[in-house]
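Beneath this line is the structure, given in structure tokens, with notes to follow.
The values are calculated or read from the model by the stated rules, or taken from the named source; none is laboratory data. Just so it is clear, the structure is predicted and the values come from calculations on it, not from any experiment. All Cβ positions, even for glycine, are placed from backbone atoms using ideal geometry, and neighbour counts span all protein chains on display. For accessibility, only protein heavy atoms count, side chains too; no ligands or nucleic acids. Shrake-Rupley method; radii C 1.70, N 1.55, O 1.52, S 1.80 Å.
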Amino acid sequence: FEVVGAPVINDVKELKGAVLVFHDITDLKRVEEMRKDFVANVSHELKTPITSIRGFAETLLEDEMAEDEIKEQFLTIILKESTRLQSLVHDLLELSKIEKEEMKLSTKLIEVDEWLQSSLTLMEQQASNKSLQFIKEIKPNISFHGDPDRLQQVVLNLMYNAINYTAEEGSIFLRVDENDNEVIIEVEDTGIGIPEEARQRIFERFYRVDRARSRNTGGTGLGLAIVKHIVEVHQGTISVSSEMGKGSCFIVKIPKKW
Ligand code: ADP
């Protein structure tokens with residue numbers, strides 16, 4: 001509570017009492033805390049690759065005699081870390097754009113078969129690079145209203161995660177179905193699974209079950225925060241079920257008319 005007080009004084013300047021105003025600032029404080037956390041997280045996430053880029057570049061400059069093999073190794077790290085920085089900045093900009101432009105979705109009639117075509121080609125390629133089976137069960141002729149580019153990002157982010165968190169030779173599934181009111185998109189994998197206590201938190205910005213693993217696969221920790229935001233702007237819902245060591249399944253439901 002924030003308390004503001006003022007004395008009550010009558011005509012002859014006698015103190016008659018006091019007025020205290022209690023202002024409930026719980027929400028304000030929470031938003032402020034979240035903003036501080038976010039800034040701290042962003043700074044930390046930016047600092048890690050920058051420190052590494054700087055360190056390896058300095059070593060390369062100082063050690064003129066370094067063997068070609070070492071040079072190549074260091075330059076590879078520098079390249080990888082700059083790519084991470086680029087993805088991070090890209091995802092941060094996406095997130096802030098979505099937050100700012102909530103009302104400016106570019107909504108169209110989406111014909112699912114056609115809309116998914118380019119994502120499917122991309123995913124097929126990525127899955128086969130990792131020897132994963134990619135199984136599609138897409139009900140034909142579904143159409144609904146939504147922002148095709150943003151929703152494509154939802155499917156791609158979920159599919160990228162499915163691929164990233166599933167070991168070689170596993171399977172990933174993409175299902176699209178509908179009922180009278182909703183389109184239902186399911187992305188399932190036979191991957192590492194998500195511990196129960198983490199299942200709600202994975203949608204928070206920068207939350208990762210295993211920070212090192214996520215970094216190694218090029219993850220920024222923002223993918224699911226972006227996904228959730230886009231789904232909610234479409235008045236939809238997202239949920240996850242998972243079994244450790246067996247796999248995870250993300251279910252997105254978008255109302256057909258909203
Ligand atoms: P990241 O860039 O780290 O993948 P996300 O926001 O996409 O960030 O996901 C947050 C965290 O949720 C990941 O770091 C990972 O721990 C977990 N996660 C997401 N998708 C899956 C999945 N399909 N299988 C297992 N864990 C997952």
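A few comments on the model shown:
- Separation between Cα centres of region 227-248 and region 59-91, rounded to whole Å: 35 Å
- Distance between the 7 Å Cα→Cβ label points at residue 235 and residue 65: 7.2 nm.
- Accessible carbon and sulfur surface of region 128-258 relative to its total accessible area, %, 1.4 Å: 44 percent
- If you wrap the tightest convex hull around every Cα atom of region 136-258 and split its volume per residue, you get 102 Å³.
- For the pair residue 249 and residue 107, label points projected 7 Å from Cα toward Cβ lie 3.0 nm apart.
- Using the Cβ-Cβ distance between residue 73 and residue 216 with R0 set to 25 Å, the FRET efficiency from 1/(1 + (r/R0)^6) comes to roughly 0.95.
- The smallest convex shape that holds all Cα atoms of region 47-193, its convex hull, gives 155 Å³ per residue.
- Neighbour-limited loop hits for GluC sites (Glu not before Pro), region 1-87 (at most 13 other Cβ within 10 Å; DSSP other than H, G, I, E, B): 14, 64, 67
- Annotation: amide H of residue 256 within the under-5 Å range of 182, 183, sequence separation 5 or more or interchain, hydrogens built in the peptide plane.
- In the chain, the calculated helix contribution to ellipticity at 222 nm averages -16500 deg cm²/dmol per residue, counting -39,500 (n - 2.57) for every DSSP H run with n ≥ 4.
- A simple packing score, the average count of other Cβ atoms within 10 Å per residue, orders the peptides 169-176, 88-95 as 169-176, 88-95, with the highest score first.
- Space enclosed by the convex hull of the alpha-carbon atoms of the chain, per residue, Å³: 213 Å³
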